[in-house]
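The values are calculated or read from the model by the stated rules, or taken from the named source; none is laboratory data. Keep in mind that what you see is a predicted model, and the values were worked out from it rather than measured. Positions of Cβ are backbone-derived with ideal geometry, glycine not excepted, and every protein chain shown enters the neighbour counts. Keep in mind that these areas ignore ligands, DNA and RNA; they rest on the heavy atoms of the full protein, side chains included. Shrake-Rupley method; radii C 1.70, N 1.55, O 1.52, S 1.80 Å.
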Amino acid sequence: MTTTTDSRADALREAVVAWFDDAARDLPWRHPDRTPWGVLVSETMLQQTPVVRVEPVWRTWLERWPTPADLAAAPTADVLRAWGRLGYPRRALRLQECARVIVREHGGEVPDDEAALRALPGVGEYTAAAVRAFAFGRRAVVVDTNVRRVLARAVAGEALPRPTPTAAERALAAGLVPSSDGDAARWAAASMELGALVCTARAPDCAACPVRDLCAWRAAGHPPDAHAARRRTQPWHGTDRQVRGRVMALLRDASGPVERERLLLVADDAAQVGRCLASLVEDGLAETPPDEPDLFALPGGDTSGGGAGTD
DNA sequence: AAAGCGGGGTG
DNA sequence: CACCCAGCTTT
């Protein structure tokens, strides 16, 4: 991949980075004393969860489990409770498994190369690139939802990127990444921040945008979203996801196993709840104590010999 | 390529 | 109430 070197690309990169120097949020995972592990934890928590909700959980999490070895050794029930309401609790499971792989295969240190990062549970293309850039200051093509939107507007002249990324889109993003490690890492953080703070999805603040005079979307008169018809808003009310979430909330708040009968009350459709309980067990998010098929608890959280778990 | 997977803040 | 959020995994 070659870096685009035309003057317009240069102007875009320089304007965004200069803006970032002044406008960057003071986020804890950007502090000088952060560790690669802290960055990996933040990136995992930030997968589909907004910054404001992640920040307090990240602080207590890193205080409690400052290294991969600490998280690897923790009871999974404690991990799921600490994850709280961040959503997608399978991420917490994968993060703990990730910690165990790091301990087992990487001497307890977060790896810094692309292939090793991608091999970690829960680490995909974006997270691997983000860890390389933000934890190690290395060059990486970091393309998240913010960067996709910024490039869709500023370069492609569209209101929003298409629902699923294309090869052309990633090539465009790759071509804009500066060649040096330091510049590339700064560009990654800056382009993401611009999308998060100024070039937002709902109400972009074009008047405050450092690249407003370079923006193809603005130059075209802010045409509407060309891909709107192909977007599907995911249902929520009455779905398995909602029911699973309610079950998990109950299990988190209980100090011990919970009776199936009580869990069935989270929704009108008992069959649906039963299906969700089975899927949660299948996913490793819940388990039934030995010879107790009508009790459910968070995994590895068995504290006593079986008495009724009272809050 | 598309579906499944949480939860809550916001216009 | 629809939409969105520093995505990943599986089909």
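Overview of results
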item: In degrees, nearest ten, helix A:240-253 long axis to first principal axis of chain A (Cα); result: 60 degrees
item: At R0 = 25 Å, FRET efficiency that the Cβ-Cβ distance of A:Ala278 and A:Gln48 yields, to 0.05; result: 0.55
item: Extension gain from A:Arg25 to A:Arg231, taking 0.36 nm per residue of separation minus the Cα-Cα distance; result: 71.1 nm
item: Length added when fully stretched, A:Glu114-A:Ala270, from 0.36 nm per residue minus Cα-Cα; result: 51.6 nm
item: Efficiency of FRET from Cβ geometry, A:Asp70 and A:Asp183, R₀ 30 Å, rounded to 0.05; result: 0.30
item: Inter-label distance for A:His222 and A:Ala201, nm, one decimal - labels placed 7 Å from Cα along Cα-to-Cβ; result: 1.9 nm
item: Mean accessible surface per residue for chain A, computed with a 1.4 Å probe while every protein chain stays in place, in Å²; result: 51 Å²
item: Most mobile of A:Ala168, A:Ala130, A:Ala184 in a GNM of chain A (Cα contacts under 10 Å); result: A:Ala168
item: Highest to lowest packing among A:13-26, A:89-102, scored as the average C-beta count within 10 Å; result: A:89-102, A:13-26
item: Heavy-atom accessible surface of the range A:181-308: percent carbon and sulfur, 1.4 Å; result: 52 percent
item: Burial ranking of peptide ranges A:57-66, A:286-295, A:38-47, A:74-83 (average Cβ count within 10 Å, highest at the top); result: A:38-47, A:74-83, A:57-66, A:286-295
item: On Cα atoms only, tilt of A:36-45 relative to the major axis of chain A in degrees; result: 80 degrees
